[in-house]
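Trainee: A single structure is presented below for examination.
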Amino acid sequence: MNYLLFGGASSVGKSHTIYCLAWYLLSIKNYKDELNKMPKEFKDFCLLIEGIDKHGKAVKIVINSPTDDPYSIKQLKLFCDTVGHVDIIVSSFRDDNFNYRKSLVSKIIFI
């Protein structure tokens, strides 16, 4: 499994960037929102998309816009457990002396 983590200070656009990435994959790259969870307007979300990568391989991606507070980490873990095997997880974390960063990394290791 691969991870793409967007890091940065609070309120700099990490979640919005993840939202834009999801829309790009869905609308330009023809990935499918298998659970129909993509919000029409920007707000926090967690979704599973599936598509074909540039090598012709089927890919399952979890895109998670909430950041690294304990509740969001647990919700991401539960979502990943529910959907089964995924190839890539996209999420974010705050790096401005935020106490839960170590918790996020340790949780991801055990997903």
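Trainee: Just the residues that are of a type in the set (Lys, Arg) and at pLDDT 95 or above, please, taken from the range 58-88.
Mentor: If the condition is that a residue be of a type in the set (Lys, Arg) and at pLDDT 95 or above, then Lys60 is the only one that fits.
Results for (1) surrounded by 15 or more Cβ atoms within 10 Å (Cβ to Cβ); (2) part of a helix (DSSP H, G or I); (3) among the polar types (S, T, N, Q), shown as yes or no for each residue.
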residue: Leu21; (1), (2), (3): yes, yes, no
residue: Asn30; (1), (2), (3): no, no, yes
residue: Lys37; (1), (2), (3): no, no, no
residue: Phe42; (1), (2), (3): no, no, no
residue: Leu47; (1), (2), (3): yes, no, no
residue: Ile61; (1), (2), (3): yes, no, no
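The values are calculated or read from the model by the stated rules, or taken from the named source; none is laboratory data. Here the structure is a predicted model, which is why all the values come from computation and not from measurement. Cβ: placed from backbone, ideal geometry, glycine included. Neighbour counts: every protein chain shown.
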